[in-house]
Amino acid sequence: MSKPGAKVVVVGSLNVDYIALVEQLPSAGETVPATELIKRFGGKGANQAVAAARQGASVSLIGCVGEDDEGRVYCESLAAEGIEVTGISTTLKSLTGTALIAVDSAAENTIIVAAGANGELKRAAIKAQQQRIQSANALLLQQEIPLESVVEAVRIANRARVPVVFNPSPLREGFPWGKYHIETLIVNAGEAESIFRLNIKNIARNIPTWRRALLKRAVGQLIITRGAKATLYVNANELEEIPTLQVRPVDTVGAGDAFAGAFTAHSAGGAEIISAIQRANCVGALATLKQGAQEAIPSLRATEMAFRTVRRLCK
């Protein structure tokens, strides 16, 4: 089991989600009434920070919110989770990041995301947090902030030999693969195939090619999540399939963020890699049992109970 209190720094986004429940999604030019309007906190960076904190890590979040009530209340909510928020800057140039979501009675949705203050997390703001990153046991990043800021954070971590956990979602062009070292890359199946230009269906028969692809992109180890299917783990020496916790999902939004945050917390705390993935599998699965990304993220106690079930499956 990992040691509690590992220092995890998360660099990423904070969004306020406004979710309108409707009978049917509007067509172009149409107005439809909402039966309910729900306000929730989201954003991949904040989601992952909450997941890591609930697994016992000592978490600092580096991000940016607007000089508005939404940003202030969001920071208060994160602080209540035990997350260090002094690395979150504010800006007058943009409002706090926002997602406008309409969900119909069949659970279909449309989403409009306004990056807002997330787009103002510039390279200079990352440099100002250099000491925080250098003192961490792990750095966790995604791609809902400017690419230059992602790269700068990785550069600082590499120079300080801080392990980098990278969840490059949403996937986009431009990251300088091979220039900087990524200790752990966490992706889903589609992202893996897009980054490595390889098919995962025959990964076991093509493992030498995958290992060369990892080496070319300076990736130490690769984790491929596949929903309910076993999670794949690849490094220079092995390929492992780690069973997931089987559940009946209610809401899968944020499950990937929960996995990434939990994995980072446990690996940074010294857990053996397969054990860290097993626990992350549990957190990702449990996070689908309730609505809402952050609301559904389980506690460490709930995770450990599920972990014992997964361990029995692996024997």
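Computed from the alpha carbon positions, the gyration tensor of region 8-122 leads to an equivalent ellipsoid with semi-axes of 29, 16, 11 Å, biggest first.
Approximating the spin labels as points 7 Å out from Cα along Cα→Cβ, the M305-to-L171 distance works out to 3.6 nm. One compactness figure for region 16-82 is 1.46, namely its Cα radius of gyration divided by 2.2 N^0.38 Å. Estimated from helices alone, the mean residue ellipticity of the chain at 222 nm is -10500 deg cm²/dmol (sum of -39500 (n - 2.57) over DSSP H runs with n ≥ 4, per residue). Expressed to the nearest 5 percent, the antiparallel share of DSSP beta bridges inside region 1-133 is 45 percent. From most to least packed by mean Cβ count within 10 Å, the peptides 286-293, 177-184, 135-142 give 135-142, 286-293, 177-184.
Given R0 = 22 Å, the distance between the Cβ atoms of A124 and K93 translates into a calculated FRET efficiency of 0.95.
Between N235 and S77, the contour length at 0.36 nm per residue exceeds the alpha carbon distance by 53.1 nm.
Computed from label points 7 Å out along Cα-Cβ, the spacing between L100 and E295 is 2.2 nm. Mean projected area of the Cα convex hull of region 201-315, taken over all directions, amounts to 7.6 nm². Proximity of backbone amide H atoms, modeled 1.01 Å from N, is registered between T91 and V65, G66, E67 at under 5 Å, excluding neighbours fewer than 5 places apart on the same chain.
Modelled this way, with points 7 Å down the Cα-to-C-beta line, the labels at S194 and E23 are 3.7 nm from one another.
Note on K179/V32: beta-carbon distance plugged into 1/(1 + (r/R0)^6) with R0 of 51 Å gives a FRET efficiency of 0.60. The calculated pair-distance distribution of the chain uses every alpha carbon pair, bins of 20 angstrom beginning at 0, and gives 34, 59, 8 percent.
Here, each number is a calculation from the coordinates, and none is a lab measurement. Computed from a predicted structure; not experimentally measured. Heads up, the Cβs are rebuilt from the backbone with ideal geometry, glycines too, and the neighbour counts pull from every protein chain shown.
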